[in-house]
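Mind having a look at this structure? Questions to follow.
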Amino acid sequence: MNVLANGGASPSDAERTRGVVGPRQMAAQAFGGGTPGLMVADSPRESLLQDLSTALFAVLPRRDQRHKGEQYLRGLLSAHGRRSIRNVALSLGDPTMEQPLHHFVCNSTWDWVSLREALSDWLVPRIGARAWVVRPMPIPKSGQHSVGVGWGVDEHHGGAFHGQQAFGVWAASERVSAPVTWRLLLDDDRTEPRQACAATAALGFSRVHDATRLPVVLDTMAEDPSATLDRFSAAGVPVLVRVPGTTRVTPRDARVRRPGQGQVRVQQLLASVPGLRRTVAWGGTAAPSGIRHTPVARLSVGLPGGSQDLVLLGEWDSYRSRFGGAWLTTMTQTPSPALLRLAALTGRVRQDLAGFGNRAGLRDFEGRSLRGWHCHITLASAAHAVEALTAQADGDCAHLPGMSA
């Protein structure tokens, strides 16, 4: 897939641009599509929107682009049904805006990479992000002409589907998450392992390499995770990777019989050490559901042909003793409760994608071009952030599920 470089758009002054409605009219504008409440000028929702718009669109070099950017963002938040460009224009009360907004999204030369970086810089400190979570997002399509359309597998819900396959990188905390950058699987990439696309989505985003070095959690199955783990190690980025039970590893734990002798499947290895299973308390005041107790087994392992020391973490359902999942990580010194908290962020992202993401229009771009898709999903990610943070302020965020969710 093409690597998208920064377009070189330089930030301008932080002039705030406003949409087609003024403060006095905002109280009368009802939000559709399941969005609660009215958009009043002094509401937390409007404050978030104005603050984000200032930070986000300051990176655009032209005033008309900044104005259209905020209009499109407001339209995404207020449109009924699918967030098509036509419905966005209708929600703004001016159907004639469809053509200008179409040009802004599909043909204008503004740099969506800079907007994604600005979104990340605005979002991460506000939510107290603990990790970058990479999750695939299937986008079903009936036609043949949209960029990246083909047959794929929805590994989280099962079954094949026809459409686009996107990989989102989400800034995530226990209470809220939002996507900050995306990678679309193109026709030329169909032979590339999905895990490689997921890794590239994260490692291709500059903010993942910042000094804070938040860990990356890959929520996509890795049949052969060796290359992925090597890429993250070479980049100096800590990573936690979901793996299927069929993954082969080499035991290096002295508590396992004949450590280092031959390869064994992950689920077979974890099933052979019931005496090493421990109930771990994790969560805490930052997690909506408080302290949780989960049976886990933690083993030192390696991968076939690899020299890197890794930790294998297996989880079981605390009530039914059902195997819940397995992860490999380069964070060998990180305690098990902290690893469980990171893994559980995948459940936060799953819930927020199903709720706020669909409401913000992440899957709703109807054009055919790669540029148009990237521009739309960048602005839809900003709309998702407003939706999610508004719900958090209102106390509407659902409890965080377990890591196997």
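Between LEU370 and ALA234, what FRET efficiency follows from the Cβ-Cβ distance if R0 is 30 Å, with the result rounded to 0.05?
0.60
Okay, next question. Rounded to the nearest percent, how much of the accessible area of the range 226-345 (1.4 Å probe, protein heavy atoms only) is carbon and sulfur?
On the way: 2650 of 5520 Å².
Within the range 226-345, the accessible surface is 48 percent carbon and sulfur.
Could you report the accessible area of ARG371 in Å², rounded to 10, computed with a 1.4 Å probe on the protein chains as they sit in the structure?
80
Compute the length gained on full extension between SER321 and GLN268: take 0.36 nm times their separation in residues and subtract their Cα-Cα distance, giving the result in nm to one decimal.
The SER321-GLN268 span can extend by a further 17.5 nm.
So for the range 60-182, considering every pair of alpha-carbon atoms, how many percent are separated by more than 17 Å? Each step should come with its number before you reach the end.
Working: 5146 of 7503 pairs.
So the pairs more than 17 Å apart make up 69 percent of the total in the range 60-182.
Okay, next question. Students often check this: by mean Cβ neighbours within 10 Å, which of 335-345, 378-388 ranks highest, and how do the rest follow?
Details: 335-345: 21.3, 378-388: 27.1.
Per-residue Cβ counts within 10 Å, averaged per peptide and sorted highest first, yield 378-388, 335-345.
While we're here: Using a Förster distance of 30 angstrom, determine the FRET efficiency expected from the C-beta separation of ARG277 and GLN392, and round it to 0.05.
Details: r = 35 Å, r/R0 = 1.16.
After rounding to 0.05, the efficiency reads 0.30.
Could I ask something else about it? 7 Å from Cα along Cα→Cβ at both ALA254 and GLN308: what's the point-to-point distance in nm?
Placing both labels 7 Å along Cα→Cβ, they lie 2.5 nm apart.
Restricting to the range 217-336, compute how many DSSP beta bridges are antiparallel as a %, nearest 5. Please report the intermediate quantities before stating the final value.
Details: 25 of 27 bridges.
Here the antiparallel bridges make up roughly 95 percent for the range 217-336.
The values are calculated or read from the model by the stated rules, or taken from the named source; none is laboratory data. All values reported here derive from a predicted model rather than from experimental measurement. Neighbour counts are summed over all protein chains in view; Cβ atoms, including those assigned to glycine, are modelled from backbone coordinates with ideal geometry. Heads up: the accessible areas ignore ligands, DNA and RNA and are worked out on the full protein's heavy atoms, side chains in. Shrake-Rupley method; radii C 1.70, N 1.55, O 1.52, S 1.80 Å.
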